[in-house]
1. Provide B:Phe428, B:Phe762 in ascending order of the number of other Cβ atoms located within 10 Å of each residue's Cβ, fewest first.
2. Given 0.36 nm per residue, what is the gain on full extension from B:Ile369 to B:Leu815 after removing their alpha carbon distance, in nm?
3. If you rank B:Asp752, B:Asp157 by fewest surrounding Cβ atoms within 10 Å, what's the result?
4. Take the alpha carbon atoms of the stretch B:140-190, find their center, do the same for the stretch B:462-481, and report the distance between the two centers in whole angstrom.
5. Sorted from largest down, what three extents in whole angstroms do the Cα atoms of the stretch B:802-864 have along their principal axes?
6. In degrees between 0 and 90, to the nearest 10, how far off the longest principal axis of chain B does helix B:71-94 point, with axes built from Cα atoms?
7. Once you have the Cα-Cα distance between B:Met316 and B:Val764, take 0.36 nm times their residue separation minus that, and quote the gain in nm to one decimal.
8. Viscosity 1.002 mPa s, temperature 20 °C: give me the Stokes-Einstein translational D for the protein assembly as shown in µm²/s, with Rh taken as the Kirkwood radius over C-alpha pairs.
Amino acid sequence: MSKHHLGEFEEIVLLTVAILRDEAYGIAIIDEMESRLKRKVSIGALQTVLRRLEKKSYLTSEFGEATKIRGGKRKRFFSLTAYGKKVLTEVKEQRMGLWSAVPEFAFSY
Amino acid sequence: MSEYQEQAPPRLFLRFFRWYCHRDYLEDIEGDLIEKFERKADQTDIKSAKWGFAKDVIRLFRPGIIRPITQTQQLYQLDMFKNYYKIAWRHILKEKFYSFINIAGLAIGITCCILISFFVKHELSYDNYHQKLDRTYRILQEYKSGNERATAPAAEDYQVWGNATVGPAFTEEFPEVDQFCRFTPGHNKLIKVKDELYDEKNIVFGDSTVFDVFSWELLSGNPESVLNKPNTIVLTESLAKKYFGNEDAMGKTVIYSQDVLCVVTGIMKDVPANSHFTFEGIISMGTFYNQRSWIFESWGYVDFYTYFTLKENANMESIKPKLAGLSEKYTGEWEDTKFYIEVEPLKGAYLNSVAARQPGKTGNKSSLIIFSIIGVFILLIACINFINLSTARSLERAKEIGIRKVVGARKFSLVNQFLSEFFLLTFFAGILSLLLVFFLSPYLEEFAGISIKTDDIFNIEFLGIFSIGIIIVGLVAGSYPAFLLSKFQPSKVLKGNFKTGKSGVALRKALVSFQFVLTITLIIGTATVYNQLTYLQEHELGFEKDQIIVMDFGYDGKVQENIEAFKNEFEKTPNILSVCASRAVPGNFFPNAGTQIENPDGKLENHSPAIYEIDPDFLSFYNIKVLAGRGFSYDHYSDSVDALIINNAAAKLWGYNNPEDVIGKKFDQWGKTGKVIGVVDDFNYQSLHTEVGPLTLRFEPYSMAKFSLKLSTGDIHSTIANLEDKWNELIPDRPFTFYFIDDSFDKQYNSDEKFAQLFSSFAVLAILIAFLGLFGLTTYTTAQRTKEIGIRKVMGASLRSIVILLSKDLSKLLLLSFVIAIPISWYATQQWLEGFAYQAPISLSVYIITAFIISGIAFGTMSWQSIKAALQNPVDSLKNE
């Protein structure tokens, strides 16, 4: 199981990419995370994780078309791979399993 | 515009980001950064947007984002290098002729450099193997008499050869001195081993400290005691082998000088070739002492080379001021003569010492410098060839460069490409030159006595220097063409109306002229050296030297007693015209003698001229002219007792400008007193490096050592065979040895001959390389002008006018080179000639011949190509447009 270990931030990034579907490029991901989680994310932190996840083949990416904004630079759109989806699902099931094992009284007070 | 600039993110940070970011991520992350920046600039103000941008760039500077320093880059570089080498190979193979000229020229240049550096290294290595070298010195001495005795002698007047007493006095007087060690010169010594006679020329007497002062290796025997008793001898390995074959020589007996038995107490390794003083055996000094002990007490008897070591931490400077005091203490009471002592370090003595009467060969610093310069010249010429050919051929590569640039090659990578191509060529040249060095090393051994073994090549030091040298040569030869080629502008090149720049042509011309200047200088140098040597050989020496052989009987007492009878016997041998006896013969060793002769003021004046002890036949035998008075004669019985003959130089030394005036003046020399009876013309009894010095000749029957015999031009072989038979019959206890006097006299020019041969072979190589280059260059430039020639021919130009047209440029260059080269070579040859007392007059013919040779070869090379081009049918050159 440990080979599919996902860090907390990695998990969030994967989920955000999943949410954004075809629109998941750097700035969009940051915006989405900031609006949903009220959490400041730097480009540096995000890009490092994105590249790492891509290297682990959880994500794949391709360039979009060049536009006049962004200094004429193309966007790189990320999307989940099948493997990424599987890992995400596994993580979710683990969490669910853990949740279901928690006795009712633990939250009683 | 200004608004846009204001909107732009901070340039510095952007550039920083672009520099460090991974190439694959650069575009989209930069986009993200700019998007964020623009948005922030809209929402808040530009300042905080810039601030935020900077912060983001710095936060992005982390391992996942930074480009790897090596990995991907290297892969890409390696592929490009593979490509470069592939292209380079194709070019080398496509243009086999030019590649050959390039590689061969460079290889020859590098070979010369390697050979010369081995020579220089060898010369610099002399005596360096002695462990105590830094504190080993040798004593120089000079006796000065006459009016100038109060002025200290010049450095070149000091002699290494001196008396026996100064060494012991040094250890006694100076606490700084550790040990002294004396040698005698290795004059002819008769050695008898197992009934076999040997005439040894290189066995010396030596002090017992020899193995302490010097680091010669003893193979057997105790270094401290091998020579401390009389009648002991140490042999070198090769001499032991000569005497005893494979037997162990230790403890065996060797008979010296008929009756002195010496026991072999030690065997030493042969003295290394890089020693200023060599010998084959040492007889203990005690043996010599037993023979002639008075020599060891005399401050005036000269027969020793004295070396000494300082104690550790002692300083030479503290001894130097005390030298004059030492001389004063021991020789102060001498009335007419002053004894001078000087010391010089053994380190570098081989190259630097100017003292007279050296114990062995000396190096020649100036020829060392000359050869080093020639080595650099040759390499320069080869590099210039390379540059010339490569820039000339750059047109061919122009299209390739254009395409590469259009496809995206940067200037840097083009420089890289061409440099690596040139390095490849240089590398081949290097390999080739190593092969050449192996091939040529036997010749170097023959010329300079330097053997190059595989060990000398395959060691880290040599290979390291060699590779660095190759890289430097590659850079020197390759960098200009590489930068020139990479500067081509693709738009011009690919349009097709491209011409190499004017500056390139000018540079090429300058380089060719430079090459010519060097070659002309070398040719003039060679011609001058040969001119001088022929001059020396043909110079009137003032005595006859043809068809004369000398037989040495080594002061044999029995021969001396009946010298006239022996002379008569030899004269009776068929084909012998005449015979004379003497102690010294021209071109060989002679001693000096303290001599007093009455000067024009009537006072006896002391000098130390050379001395020849001869018989009355000597002067007529050698055809030496008597200027005044008469020669010795058997009719004057007292000639062997009270008569002296001097040469013209000696007469002048004592103040007589007219030789007649010295006749009848009183003299006192080596225990003899009497009158000067004759003056002979100055004949060159030494090599022509020096002027004829003052010489005295006296008739001394009991000092003879040599017979001189004049042969008729008959069968020399049978004459010598007859002489040998006669010798064995008359003098059976001496080996028969002989030499021709002209050979032995010319031997004094051996080192000059070698110098000339080496010099001329290097000059020939330099010329060869230069003309290889010229040939390549003209071939190419003519090829460039094929169309022009075609059109000219169609318009009616004659063959002659075309050849002249093509040769015009070359003539200008040649003329310019002459104007530059003549003063340079005149100065250089003048410097070299100063080493000779008799100089060949500088003849105009040397320069004219050089001019003919060089223009002949240059135009020959040129016209070969231009005539070929001019003869071509214009149809062929013009049809393919």
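The numbers here are math on the coordinates, done by the rules we state, and not lab data. What you see is a predicted model; the values in this text were computed from it and never measured. Please note: Cβ atoms are built from the backbone with ideal geometry, for glycine as well, and neighbour counts cover all protein chains shown.
1. Details: B:Phe428 17, B:Phe762 22.
Taking fewest neighbouring Cβ atoms as first place, the list is B:Phe428, B:Phe762.
2. On the way: separation 446, 0.36 × 446 = 160.56 nm, distance 2.86 nm.
Using 0.36 nm per residue and subtracting the Cα-Cα distance, I get 157.7 nm.
3. Details: B:Asp752 21, B:Asp157 16.
Going from sparsest to densest Cβ surroundings: B:Asp157, B:Asp752.
4. Cα centres, the stretch B:140-190 to the stretch B:462-481: 50 Å.
5. 52, 17, 15
6. With rounding to tens, the tilt is 70 degrees.
7. Numbers: separation 448, 0.36 × 448 = 161.28 nm, distance 4.73 nm.
Additional length available on full extension: 156.5 nm.
8. Values: Rh = 37.3 Å.
The calculation lands on 57 µm²/s.
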